[in-house]
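> Mind having a look at this structure? Questions to follow.
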Amino acid sequence: MRRRAVAAFALLVALAAPAWAVGLPAAYGAIVVQPAGQPERLEFDLGPAIEQAQRQKKSLYVYLGAHDCGFCRRYEAFLARHAAELVPEFASRYVVVDLRSTLSVPARLVHLKAGGRSLPYAEFQAAIGDERTRQLIYPTVWLLDTRLEPLIQMPSGAGTFQTVAEQLEILRLEQ
C-alpha cells in the first residue's frame, strides 16, 4: 500500500512539474535550451552547444522532447534507469542538448537556430538530410557533427531505444 502511495505521489509531482523541470536526467549533463520568441514561435538556439562541441571536439546529441509527452517521459525514465551504463558513452562522445517543448505547439512554430540562421522545424530536417517524416514527432533525437551534418539516420517516436544494447549501438554509430 505504501509503495503505491509513493508511486502515485511521484506521478502527481511529475505531472504537476513545470516544463523546465522535466527532460533528460541530470546525470547526462545536458545543455537545456529553453525556446525564445514565445508564443509566436519557439526558437531553439543551438549556437552555444555547437561552440561547446567544437571546443571539446565532440558531436551533438540533440534531444527534442515535450514536457507533456508520455513517450518522452518513458525514454527519459529509461535513460535514468540505465545511467550507469550509458552516461560514460554519452560523456565521451557527445555534448548533450535538451530542447524543451510542449505537444500543443504546431511544427510550423518550432524553429532551430544555428550559425545565424533560424529554420522552421521541417526546413531544419530537410537541411540536415533527415529522412523521417516532416511532422513534429516526440521524442526526436539527432546525432550531428558541429556543422550540423547527421552522423546517423535516427529512429524517432514511440518504441525507440528500447534496450541498452540498442542505445549503445546508436551512440557508437554502429547501425
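> Please list, ordered by residue number, the strands (runs of 3 or more DSSP E) wholly in segment 68-148 having 3 or more residues that are free of Cβ contacts under 8 Å to residues at least 24 places away in the same chain and out of contact with any Gly (no Cβ under 8 Å at 6 or more places or on another chain).
The strands (runs of 3 or more DSSP E) meeting that bar are 117-120.
> What tally of residues in segment 60-70 results from selecting those that are farther than 22 Å from Glu123 by Cβ and either surrounded by 19 or more Cβ atoms within 10 Å (Cβ to Cβ) or touching a strand residue (DSSP E or B) at 6+ places or on another chain (Cβ under 6 Å) (or both)?
Here the count works out to 2.
> Name the single residue, out of those in segment 94-111 being within 22 Å of Tyr28 (Cα to Cα) and not hydroxyl-bearing (Ser, Thr, Tyr), that is surrounded by the most Cβ atoms within 10 Å (Cβ to Cβ).
Residue satisfying both the conditions and the ranking: Leu99.
> Which residues, taken from segment 105-146, are modelled with pLDDT of 90 or more and among the hydroxyl-bearing types (Ser, Thr, Tyr)?
Once the filter is applied, which keeps residues that are modelled with pLDDT of 90 or more and among the hydroxyl-bearing types (Ser, Thr, Tyr), segment 105-146 yields Ser118, Tyr121, Thr146.
> Suppose the filter is modelled with pLDDT under 85, surrounded by 15 or more Cβ atoms within 10 Å (Cβ to Cβ) and within 21 Å of Asp68 (Cβ to Cβ); does Thr160 pass it?
Yes; evaluated as a whole, the condition is true for this residue.
> Go over the candidates Val141, Val87 one by one and state the one that is over 28 Å from Glu40 (Cβ atoms) and not hydroxyl-bearing (Ser, Thr, Tyr).
So the residue among Val141, Val87 that is over 28 Å from Glu40 (Cβ atoms) and not hydroxyl-bearing (Ser, Thr, Tyr) is Val87.
> When the residues of segment 32-44 are filtered to those that are within 15 Å of the chain's Cα centre (by Cα) and either in a helix (DSSP H, G or I) or surrounded by fewer than 18 Cβ atoms within 10 Å (Cβ to Cβ) (or both), which remaining residue is modelled with the highest pLDDT?
Looking at residues that are within 15 Å of the chain's Cα centre (by Cα) and either in a helix (DSSP H, G or I) or surrounded by fewer than 18 Cβ atoms within 10 Å (Cβ to Cβ) (or both), I get Val32.
The values are calculated or read from the model by the stated rules, or taken from the named source; none is laboratory data. Predicted, not measured: the structure shown is a model, and the values here were computed from it. Don't worry about glycine lacking a Cβ; one is built from the backbone with ideal geometry, like all the others, and counts go over all protein chains shown.
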